[in-house]
1. Tell me, please, whether a residue that is assigned to a strand (DSSP E or B), within 23 Å of residue 36 (Cβ to Cβ), of a type outside the set (Phe, Trp, Tyr) and within 15 Å of ligand 1 (Cβ to nearest atom) can be found in the range 151-161.
2. Mind telling me which of the residues 81, 124, 85, 49 ends up being out of contact with any Lys or Arg (no Cβ under 7 Å at 6 or more places or on another chain) and within 16 Å of ligand 3 (Cβ to nearest atom)?
3. Looking only at residues that are surrounded by 14 or more Cβ atoms within 10 Å (Cβ to Cβ) and not in a loop (DSSP other than H, G, I, E, B) in the range 24-37, which one is nearest to ligand 2 (Cβ to nearest atom)?
4. For the range 78-122, what are the residues that are within 16 Å of ligand 1 (Cβ to nearest atom), closer than 22 Å to residue 162 by Cβ, surrounded by 17 or more Cβ atoms within 10 Å (Cβ to Cβ) and of a type outside the set (A, V, I, L, M)?
5. Are there any strands (runs of 3 or more DSSP E) wholly within the range 48-109 with 2 or more residues that are over 17 Å from residue 144 (Cβ atoms), and if so which?
Amino acid sequence: MKRRELFSSLTSSFTNNKEEKLETYIRPPYFKAESDFIDVCHTCVEKSCQSACEVEIINIKEDGTPILNFSNSGCTYCDECASACEPNVLTLENKKNINAKFSIGLLECMSWNQTMCFSCKDPCLDDAIKFLGMFRPEIDDALCTACGFCLKVCPTDAITLELINT
Ligand code: SF4
Ligand code: SF4
Ligand code: SF4
């Protein structure tokens, strides 16, 4: 999913081992089960997870559930949304990595096409973007926390994310 597509298709469908169609979204990384959002959030008036987020990346979907929007910033894993959620859909004990896999498109990336660019490297505080030589950046899945900070800085939208079912 490219940056510009994030709003139009923040959903991904796939089949689990029970052959049921599931949908998933980029959620604040403190939930136990996707079903908790659906069951509880529509009854929550305060939406305190959203107001607690200092980087303002939490949007509330039409069904009342929170989703992350990386178009202006990324998640600092600050815990504030989980601390603020009184119904306990988000809890500190369920803290985890964001449910997305990030990768760099070789055709779109300027570096992979012999134009020097390190725009994504500095914002990655986890040092998950490794350059092989000067021109071949790759994201190390073992280090990437899916924070989203690299997404908005890429001048050619070469960084994409794939939602993962958790
Ligand atoms: S504060 Fe908790 S219950 Fe309310 S919308 Fe956010 S995640 Fe859902
Ligand atoms: S952990 Fe912090 S930065 Fe991330 S969504 Fe929650 S409040 Fe926002
Ligand atoms: S999403 Fe991964 S690669 Fe991008 S800045 Fe965050 S940790 Fe680094």
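None of the figures in this text is laboratory data; all of them are computed from the coordinates on show. Keep in mind that what you see is a predicted model, and the values were worked out from it rather than measured. Please note: Cβ atoms are built from the backbone with ideal geometry, for glycine as well, and neighbour counts cover all protein chains shown.
1. No.
2. Matching residue, one of 81, 124, 85, 49: 124.
3. Ranking the qualifying residues of the range 24-37, first place goes to 31.
4. 99
5. Result: 58-60, 66-68.
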